[in-house]
């Protein structure tokens, strides 16, 4: 028996397909059940709701190991689901909604701690509360951890070896116009929550975006060159939540 291990991108696509299929199946079943008087309005209001959608997307992100994104979506969806499934008064909701900010802050603190521990021993640039400051890469590889701030990285090394961008409530600009690609595939991993990433990439580079997005998006504004380099590929992967990626040249 030959067992083929799924690639990371294939695994993500499989999870996305399964989650999308389940959402349609459940929504269709609830609608049919309500039309046939098999599902009460109370159950329908819980299952078919934007709160349940956030909870589902959060669980999906956790399965794909986007822990920060998944946990934040799960907390927000669960919190706003409480008034739907219980008889709490409006005063309770107005009093305790700041708990969402507290939990989000705690998650970001643990995220930063785990990020530092995971990359211990690497050369990396850590940026915090930085505004419009230019930083250089280390040996062609850029590592950024930005929270509640903005940072700009410009790669001056002859060869770009990849990047790991971790952004929460902030923005990162990565300028690759003064470097080149050497490997057949070079990866930029982006984990962005409530933020934005701006990438300056040469027009002839072959760029492929494989990032998962939750209420997010990306836009390639480059004037694509006719002589695209198909021998080298820049792959952008990771996860976006309430965020955006903008590619320019």
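The values are calculated or read from the model by the stated rules, or taken from the named source; none is laboratory data. This structure is a prediction, so every number in the text was calculated from the model and none was measured. Glycine also receives a Cβ, built like all others from the backbone with ideal geometry; neighbour counts cover every protein chain displayed.
Candidates 31, 62: the one that is outside the structural domain of residue 212 (by TED's automatic domain parsing) and farther than 30 Å from residue 189 by Cα is 31. Filter the stretch 175-231 down to residues that are in contact (Cβ under 8 Å) with a residue 60 or more places away in the chain and touching a helix residue (DSSP H, G or I) at 6+ places or on another chain (Cβ under 9 Å), then give me how many there are. Counting residues in the stretch 175-231 that are in contact (Cβ under 8 Å) with a residue 60 or more places away in the chain and touching a helix residue (DSSP H, G or I) at 6+ places or on another chain (Cβ under 9 Å) gives 5. Condition first: buried (at least 16 other Cβ atoms within 10 Å of the Cβ) and in contact with a strand residue (DSSP E or B) (Cβ under 6 Å, 6 or more places away or on another chain). Now tell me which residues in the stretch 191-205 satisfy that. Of everything in the stretch 191-205, those that are buried (at least 16 other Cβ atoms within 10 Å of the Cβ) and in contact with a strand residue (DSSP E or B) (Cβ under 6 Å, 6 or more places away or on another chain) turn out to be 191, 192, 193, 195, 196, 197, 198, 199, 200, 201, 205.
Given the condition modelled with pLDDT of 80 or more and part of a loop (DSSP other than H, G, I, E, B), answer yes or no: does some residue in the stretch 79-95 qualify?
Restricting attention to the stretch 79-95, the residues satisfying the condition of being modelled with pLDDT of 80 or more are 79-86, 95.
Now restrict to residues that are part of a loop (DSSP other than H, G, I, E, B): 86.
Scanning the stretch 79-95 turns up at least one residue that is modelled with pLDDT of 80 or more and part of a loop (DSSP other than H, G, I, E, B).
With respect to the conditions (1) crowded, with 16+ Cβ neighbours inside 10 Å; (2) at pLDDT 85 or above; (3) in a helix (DSSP H, G or I), residue 39 lacks only one, and its number is (3).
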